[in-house]
Amino acid sequence: MLDLKNIIESLLFVADEPLALDKLRNILETVDTKEIRAALKALADEYTARGGGFYLQEVDGGWQIRSRPEFNEW
C-alpha cells in the first residue's frame, strides 16, 4: 500500500486509545502484519529523529502517539 505509513499515522492520531496490531490489521484488510510493523517502526524512528513534541510508543498492547514527558507542564 503506497501511503501505508501516512494512513497508520492518521489512524493513530484520531484513536481514543492505543491501537493494537490486530485492530490495525482488521482496518487495513489487504496489508500483512509485517508491513504494518515496518510502518510503525518507520514512524517511531522518524518521530525520534525529529525530536518534536510527541513520539510513538507501544503501550497497553497497542500503539499510541504520546506527548513527550518533558512537555507535560503544557
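The values are calculated or read from the model by the stated rules, or taken from the named source; none is laboratory data. All of these numbers come straight from a predicted model, not from anything done at the bench. Backbone-built Cβ (ideal geometry, glycine too); neighbour counts: all protein chains shown. The accessibility values were calculated without ligands, DNA or RNA, using every heavy atom of the protein model including side chains. Shrake-Rupley method; radii C 1.70, N 1.55, O 1.52, S 1.80 Å.
Worth pointing out:
- For LYS41, a cut-off of 13 angstrom between C-alpha atoms picks up these aspartates and glutamates, skipping any fewer than 8 places away in its own chain: GLU9, GLU58.
- Those residues of segment 1-22 whose amide nitrogen sits under 11 Å from the label point placed on THR33, 7 Å along Cα→Cβ: 21-22
- Percent accessible area from carbon and sulfur atoms, segment 19-74, protein chains only, probe 1.4 Å: 47
- Here the extension length gained between ALA42 and ALA15 equals 7.8 nm, from 0.36 nm per residue of separation less the Cα-Cα distance.
- Label of the coordinate-derived value, P(r) over Cα pairs in 10 Å bins from 0, in percent, listed as (1) 18, 41, 28, 13, 0; (2) 21, 61, 18, 0; (3) 19, 54, 23, 4, 0: (3)
- The mean accessible area for residues of the chain, using a 1.4 Å probe and ignoring ligands and nucleic acids, is 70 Å² per residue.
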